[in-house]
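The structure under discussion appears below in the form of structure tokens.
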Amino acid sequence: MIRIGDGDTTAYKMLVDRHLQPFLAFATRVTGDRSEAEDVMQEAFVRVWKTAGRWDMNRNTRFTTWFYRVVMNLCIDVKRKRKPTSDFDEAFDVQSEGPLPDDMLRDKQKAAHISAALSQLPERQRMAVTLCYLQELGNRQAADILEVSVGAVESLLVRGRTRLAEILAEEKDELLKESVG
């Protein structure tokens, strides 16, 4: 960040190359829309460039923790501005790698069910589940990103898992039928 603050475009390119894919995946999971996630990432990296000159190496926050927070807040802003839609085709636009078209379709449908269930969670539970299980961050880093205690993250995870289980249990018969048929 110090080098970027000094105008080092090579350092900036290295940072973007290192962090774009995992953060784009995170933003896509949070927004549920790849195009919106790409816009979020563009804005997030513009903020990196603009704030790099003020980066304090003595701060206790790691770059990735700070950047997750930036991306998460931008995603929340995008979702708040989003107009309600009834276009359900986008819900099934999930990339899946299966050897057969039928397997691919079933995988897409299952992913859509899980994504839909995840979207029904309250915002903080969804963020905790996404950070810890989908982004594979530790509870400590998730707590730093969410600006809560580790105990609060653990509580959010327990409540999130419980609610996901309830939501998915309601769709259990349909999910089992899809996997058999």
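Determine whether ARG126 is of a type in the set (Lys, Arg), at pLDDT 90 or above and closer than 18 Å to VAL71 by Cβ. Step through it out loud before you land on a result.
On the way: of a type in the set (Lys, Arg): yes; at pLDDT 90 or above: yes; closer than 18 Å to VAL71 by Cβ: yes.
For ARG126, the condition - of a type in the set (Lys, Arg), at pLDDT 90 or above and closer than 18 Å to VAL71 by Cβ - is met.
Within the range 2-18, track down each residue that is surrounded by fewer than 19 Cβ atoms within 10 Å (Cβ to Cβ) and not hydroxyl-bearing (Ser, Thr, Tyr). Outline the logic, then answer.
Here is the first cut: in the range 2-18, the residues surrounded by fewer than 19 Cβ atoms within 10 Å (Cβ to Cβ) are 2-3, 5-14, 16-18.
Correct list: ILE2, ARG3, GLY5, ASP6, GLY7, ASP8, ALA11, LYS13, MET14, VAL16, ASP17, ARG18.
Which of (1) at pLDDT below 90; (2) farther than 16 Å from LEU24 by Cα; (3) surrounded by fewer than 18 Cβ atoms within 10 Å (Cβ to Cβ) is the odd one out, the single condition LEU134 does not satisfy?
Only one criterion is unmet by LEU134, namely (2).
Go through the range 27-44 residue by residue and tally those that are open to solvent by less than 100 Å² (accessible area, probe 1.4 Å) and out of contact with any helix residue (DSSP H, G or I) (no Cβ under 6 Å at 6 or more places or on another chain).
So the count comes out to 5.
Test GLU170 against the criterion of being modelled with pLDDT under 90, surrounded by fewer than 18 Cβ atoms within 10 Å (Cβ to Cβ) and not hydrophobic (A, V, I, L, M, F, W, C), and give yes or no.
Details: modelled with pLDDT under 90: yes; surrounded by fewer than 18 Cβ atoms within 10 Å (Cβ to Cβ): yes; not hydrophobic (A, V, I, L, M, F, W, C): yes.
Considered against the rule, which asks whether it is modelled with pLDDT under 90, surrounded by fewer than 18 Cβ atoms within 10 Å (Cβ to Cβ) and not hydrophobic (A, V, I, L, M, F, W, C), GLU170 comes out as yes.
Does the range 101-120 contain at least one residue that is among the small types (Gly, Ala, Ser), at pLDDT 90 or above and assigned to a helix (DSSP H, G or I)?
Here is the first cut: in the range 101-120, the ones among the small types (Gly, Ala, Ser) are 111-112, 115-117, 119.
Imposing the further condition that a residue be at pLDDT 90 or above reduces the set to none.
Scanning the range 101-120, I find no residue that is among the small types (Gly, Ala, Ser), at pLDDT 90 or above and assigned to a helix (DSSP H, G or I), so the answer is no.
The values are calculated or read from the model by the stated rules, or taken from the named source; none is laboratory data. Since the structure is predicted, the reported quantities are computational estimates derived from the model, not experimental observations. So basically every Cβ, Gly included, is an ideal-geometry build from the backbone, and we count neighbours across all protein chains shown. All accessible areas refer to the heavy atoms of the entire protein, side chains included, with ligands and DNA or RNA removed. Shrake-Rupley method; radii C 1.70, N 1.55, O 1.52, S 1.80 Å.
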